[in-house]
Amino acid sequence: MAKKKVKKTKAKDKAKAKDKAKSGNKRTLKLIAKTPKVSTKPWGKDGKALDGVKILDFTHVQSGPTCTQLLAWFGADVIKVERPGVGDITRGQLMDVPNADSLYFTMLNHNKRSITLDSKSKEGMRVLERLVKSCDVLVENFAPGALDRMGLTWERIHSWNPRMIAASVKGFGPGAYEDCKVYENVAQCAGGSASTTGFLDGPPLVTGAQIGDSGTGLHLALGIVSALYQRNRTGRGQKVLCAMQDGVLNLCRVKLRDQQRLAHGPLKEYTQFGQNIPFGEATPRAGNDSGGGQPGVILKCKGWETDPNAYIYFITQAPVWEKICDLIGQPDWKTHPDYAKPPARLPRLTEIFGRIEQWTMTKTKFEVMNECNAFDIPVGPILSMKEIAEDPALRATGTVVEVDHPARGKYLSVGNPIKLSDSITEVERSPLLGEHTDEILTKVLKFTPREVAEIKASGATGQAPKAPAPQARAAE
Ligand code: CAO
């Protein structure tokens, strides 16, 4: 009897296992069946990469807006929530045209919609709740704790919408400085950029590239897209955090590399090695030395006495060394034991670049560019912002775009630097403050006319201004 029971149980288990395997197969088959067919529409004509993704954009200044602008360019519907009457502080910062949103704002907030909302009011929170419930991602870069103080804790967000991804930029990650407010240059200093930028005999320098703000915004965008991808599998949202210090350090990776190399001797590719200047305990400032294995520096070109940008970056890449020697009229260096091989050149970089500079100073930076590239010698002209703004190739690819704005007229912006062949970016002007408040309340959040009236009467949305009439613009 007992034996029979065991047999029965075994048979049952077998059947169960079979069923499980079958349903597993079914699941796989289902997944395969669900895989969409390859689109028959032409490239770039089948919507955008992030079509259908809705973003509650609670960002301001530069880091967060950089992130949401990228997502908008890839097709996400970005709804920017701004404080009534004030909006993103950059709207009014560094203004150049009276009564028009600044370039600071317009160049970081393309392709978004704007709703004004006092998030600290009862009616404001009612709208926010519906936004959280209907969006896929919340992006914010408030000072630490501000979102919690508003009442939008992660627990609350997650309970309202378990699929929501909550993405934040903060200055520092968890640790001693986690409560600190941070701006671009603070991050550059704390992330290792400033201590390694500048000349050996000068103070630390910040760079013009906004690696703290825009760099962290880029990192955050990748985190969000990854979290969206994982959500396809788990059905669950998650928190995404990018600390600006971490983002800067990630971009300064090669300097932490050099810090560790110091333990094994001097950094021979640094100019200071050839100048017999001893190395200290930390990665030094390297002036314009290349950060890689191919020595390079900035050299003067024709006109440098009057043009601050008549310079070129010149890299003595090892595979083209002989071509460099021929080009600068120093063919004997091809075989000379002091110059022929890369290790022999390292202690002589100042002398070598001095000799190359004698040659570059006889030519404009564009002549050097053309002559060197004819021999595959990597060089880079120092382009001014004026030259970049006027560059026809950058215009042709949409990296520099002209945008029209109802209050400020035409202006130049930097378009999407990431090109997708099947999700082509169309750069649209930034929204006016609260321009889409009504549209979002009614069409996106589906509040009834009565509810909209209640929300508005409470003052939660403030007064949405209208775009100036064309005549008014002409008179400006
Ligand atoms: N309705 C009501 N209140 C709102 C609101 C809205 N729609 N939007 C924002 N606020 C409130 C916030 O809740 C916060 O209030 P509390 O301080 O009372 O909680 C307040 O406005 C100010 O927010 P903040 O502290 O973020 O702004 P700040 O100008 O003082 O600081 C910054 C700016 C950038 C230093 C800080 O936000 C920060 O450190 N952010 C994280 C790092 C970052 O992104 N830095 C890069 C900025 S670009 O250089």
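Going through V61, V86 one at a time, which residue ends up being within 26 Å of Q210 (Cβ to Cβ), modelled with pLDDT under 95 and assigned to a loop (DSSP other than H, G, I, E, B)?
Being within 26 Å of Q210 (Cβ to Cβ), modelled with pLDDT under 95 and assigned to a loop (DSSP other than H, G, I, E, B) holds for just one of V61, V86, which is V86.
Mind listing whichever residues of the range 291-319 are of a type in the set (A, V, I, L, M, F, W, C) and either open to solvent by 10 Å² or more (accessible area, probe 1.4 Å) or at pLDDT below 95 (or both)? First the steps, then the outcome.
Taking the range 291-319 as the starting set, the residues that turn out to be of a type in the set (A, V, I, L, M, F, W, C) are 297-299, 301, 304, 310, 312, 314-315, 318.
Within the range 291-319, V297, I298, W304, I315, A318 qualify.
Restricting to the range 132-155, give me the number of residues that are more than 13 Å from the ligand (Cβ to nearest atom), surrounded by 13 or more Cβ atoms within 10 Å (Cβ to Cβ), not in a strand (DSSP E or B) and not hydroxyl-bearing (S, T, Y).
Residues meeting the conditions: 5.
Would the range 355-375 turn up any residue that is closer than 23 Å to T197 by Cβ, in contact with a strand residue (DSSP E or B) (Cβ under 6 Å, 6 or more places away or on another chain) and either in a helix (DSSP H, G or I) or of a type in the set (A, V, I, L, M) (or both)?
Looking only at the range 355-375, we keep the residues that are closer than 23 Å to T197 by Cβ, and these are 357, 365.
Keeping just the survivors that are in contact with a strand residue (DSSP E or B) (Cβ under 6 Å, 6 or more places away or on another chain) gives 357, 365.
Adding the requirement that they be either in a helix (DSSP H, G or I) or of a type in the set (A, V, I, L, M) (or both) leaves 357, 365.
Scanning the range 355-375 turns up at least one residue that is closer than 23 Å to T197 by Cβ, in contact with a strand residue (DSSP E or B) (Cβ under 6 Å, 6 or more places away or on another chain) and either in a helix (DSSP H, G or I) or of a type in the set (A, V, I, L, M) (or both).
So which of L241, L218 is within 14 Å of the ligand (Cβ to nearest atom), at negative phi and surrounded by 18 or more Cβ atoms within 10 Å (Cβ to Cβ)? First the steps, then the outcome.
Values: L241 fails: surrounded by 18 or more Cβ atoms within 10 Å (Cβ to Cβ).
Result of the check over L241, L218: L218.
Mind checking which residues of the range 273-290 are crowded, with 18+ Cβ neighbours inside 10 Å, of a type in the set (A, V, I, L, M, F, W, C) and over 25 Å from K365 (Cβ atoms)?
F273, the sole residue that qualifies.
Filter the range 182-215 down to residues that are assigned to a loop (DSSP other than H, G, I, E, B) and either away from the ligand (no atom under 16 Å from the Cβ) or not hydrophobic (A, V, I, L, M, F, W, C) (or both), then give me how many there are. Give the steps one after another, and end with the answer.
The initial filter retains those residues of the range 182-215 that are assigned to a loop (DSSP other than H, G, I, E, B), namely 182-183, 191-193, 197-212.
Retained after the next criterion (residues that are either away from the ligand (no atom under 16 Å from the Cβ) or not hydrophobic (A, V, I, L, M, F, W, C) (or both)): 183, 191-193, 197-205, 207-208, 210, 212.
Adding up the residues that qualify gives 17.
Looking at (1) under 26 Å from L71 (Cα atoms); (2) touching an Asp or Glu at 6+ places or on another chain (Cβ under 9 Å); (3) exposed (fewer than 15 other Cβ atoms within 10 Å of the Cβ), which one does P417 not meet, given that it meets all the others?
Among (1) under 26 Å from L71 (Cα atoms); (2) touching an Asp or Glu at 6+ places or on another chain (Cβ under 9 Å); (3) exposed (fewer than 15 other Cβ atoms within 10 Å of the Cβ), P417 violates only (2).
What's the number of the condition F375 fails, among (1) closer than 18 Å to L299 by Cα; (2) open to solvent by 20 Å² or more (accessible area, probe 1.4 Å); (3) touching a Leu at 6+ places or on another chain (Cβ under 8 Å); (4) not aliphatic (A, V, I, L, M)?
(1)
In the range 81-96, how many are open to solvent by 40 Å² or more (accessible area, probe 1.4 Å) and either closer than 28 Å to D51 by Cα or aliphatic (A, V, I, L, M) (or both)? Can you show your working first?
If we filter the range 81-96 for residues that are open to solvent by 40 Å² or more (accessible area, probe 1.4 Å), which is where we start, we get 83, 85-86, 89, 92-96.
Those left that are additionally either closer than 28 Å to D51 by Cα or aliphatic (A, V, I, L, M) (or both): 83, 86, 89, 94-95.
The number of residues fulfilling the criteria is 5.
Counting only residues that are basic (K, R) and in a helix (DSSP H, G or I), how many does the range 422-451 have?
2
Can you tell me which of K120, K112 is among the basic types (K, R), within 16 Å of the ligand (Cβ to nearest atom) and surrounded by fewer than 18 Cβ atoms within 10 Å (Cβ to Cβ)? Talk me through it step by step, then tell me what you get.
Details: K112 fails: surrounded by fewer than 18 Cβ atoms within 10 Å (Cβ to Cβ).
On inspection, the qualifying residue turns out to be K120.
Looking at the range 273-288 only, could you name the residues that are under 24 Å from I211 (Cβ atoms) and touching a residue at least 60 places away in the same chain (Cβ under 8 Å)?
A282, T283, P284, R285, A286, G287
Check G398, G434, G462 and return the single one that is modelled with pLDDT under 95 and open to solvent by less than 40 Å² (accessible area, probe 1.4 Å). Break it down stepwise before answering.
Working: G398 fails: modelled with pLDDT under 95; G434 fails: modelled with pLDDT under 95.
Just one listed residue meets the conditions, G462.
Looking only at the range 59-80, filter to residues that are within 11 Å of the ligand (Cβ to nearest atom) and open to solvent by 10 Å² or more (accessible area, probe 1.4 Å); which one of those is nearest to the chain's Cα centre (by Cα)? Show your work before the answer.
Looking only at the range 59-80, we keep the residues that are within 11 Å of the ligand (Cβ to nearest atom), and these are 59-67, 80.
After this cut, where a residue has to be open to solvent by 10 Å² or more (accessible area, probe 1.4 Å) as well, the list is 60-62, 66.
On the way: H60: 15, V61: 14, Q62: 10, T66: 6 Å.
Of everything passing the filter in the range 59-80, T66 is nearest to the chain's Cα centre (by Cα).
Search the range 194-213 for residues that are within 17 Å of D258 (Cα to Cα) and open to solvent by less than 20 Å² (accessible area, probe 1.4 Å) and pair each with any residue that is within 16 Å of the ligand (Cβ to nearest atom) and not in a loop (DSSP other than H, G, I, E, B) when their beta-carbon atoms are under 6 Å apart and the residues are at least 6 apart or on different chains.
Going by the 6 Å Cβ cut-off, the qualifying pairs are A194/Q188.
I need a count of the residues in the range 273-294 that are in contact with a strand residue (DSSP E or B) (Cβ under 7 Å, 6 or more places away or on another chain) and of a type outside the set (G, A, S). Reasoning before the result, please.
Keep residues of the range 273-294 that are in contact with a strand residue (DSSP E or B) (Cβ under 7 Å, 6 or more places away or on another chain), which gives 288-290, 294.
Of the ones still in play, those that are also of a type outside the set (G, A, S) are 288-289, 294.
Of the residues in the range 273-294, 3 are in contact with a strand residue (DSSP E or B) (Cβ under 7 Å, 6 or more places away or on another chain) and of a type outside the set (G, A, S).
Here is a check on your reading of the model: is R126 open to solvent by 50 Å² or more (accessible area, probe 1.4 Å), of a type in the set (D, E, K, R), assigned to a helix (DSSP H, G or I) and more than 11 Å from the ligand (Cβ to nearest atom)?
So R126 passes the test.
Can you run down the residue pairs with Cβ atoms below 6 Å, 6 or more apart or on separate chains, where the first is in the range 163-174 and open to solvent by less than 10 Å² (accessible area, probe 1.4 Å) and the partner is among the polar types (S, T, N, Q) and near the ligand (Cβ under 8 Å from one of its atoms)?
Close Cβ pairs (under 6 Å, with a partner that is among the polar types (S, T, N, Q) and near the ligand (Cβ under 8 Å from one of its atoms)) amount to V169/S63; V169/N141; V169/T216.
State which residue is most open to solvent (accessible area, probe 1.4 Å) when the search covers only the range 256-272 and only residues that are of a type in the set (A, V, I, L, M) and more than 30 Å from the chain's Cα centre (by Cα). Steps first, please.
First, the residues of the range 256-272 that are of a type in the set (A, V, I, L, M): 256, 262-263, 267.
Now restrict to residues that are more than 30 Å from the chain's Cα centre (by Cα): 262-263, 267.
Details: L262: 28, A263: 87, L267: 1 Å².
Residue satisfying both the conditions and the ranking: A263.
Would you check if there is a residue in the range 379-393 being closer than 21 Å to Q69 by Cβ, in contact with a strand residue (DSSP E or B) (Cβ under 8 Å, 6 or more places away or on another chain) and either touching a residue at least 12 places away in the same chain (Cβ under 8 Å) or surrounded by fewer than 14 Cβ atoms within 10 Å (Cβ to Cβ) (or both)?
First, the residues of the range 379-393 that are closer than 21 Å to Q69 by Cβ: 385, 388-389.
After this cut, where a residue has to be in contact with a strand residue (DSSP E or B) (Cβ under 8 Å, 6 or more places away or on another chain) as well, the list is 388-389.
Pick out the ones that are also either touching a residue at least 12 places away in the same chain (Cβ under 8 Å) or surrounded by fewer than 14 Cβ atoms within 10 Å (Cβ to Cβ) (or both) and you get 388-389.
Looking through the range 379-393, at least one residue is closer than 21 Å to Q69 by Cβ, in contact with a strand residue (DSSP E or B) (Cβ under 8 Å, 6 or more places away or on another chain) and either touching a residue at least 12 places away in the same chain (Cβ under 8 Å) or surrounded by fewer than 14 Cβ atoms within 10 Å (Cβ to Cβ) (or both).
What tally of residues in the range 221-238 results from selecting those that are touching a His at 6+ places or on another chain (Cβ under 8 Å) and within 16 Å of the ligand (Cβ to nearest atom)? Walk me through it before giving the result.
Filtering the range 221-238 for residues touching a His at 6+ places or on another chain (Cβ under 8 Å) gives 237.
Checking which are within 16 Å of the ligand (Cβ to nearest atom) leaves us with none.
Qualifying residue count, the range 221-238: 0.
The values are calculated or read from the model by the stated rules, or taken from the named source; none is laboratory data. Bear in mind the structure is a predicted one, so any value in this text is a computation, not a measurement. Using ideal geometry, Cβ is built from the backbone for each residue, glycine included, and neighbour counts are taken over all protein chains shown. In case anyone asks, the SASA skips ligands and DNA or RNA and just uses the protein heavy atoms, side chains included. Shrake-Rupley method; radii C 1.70, N 1.55, O 1.52, S 1.80 Å.
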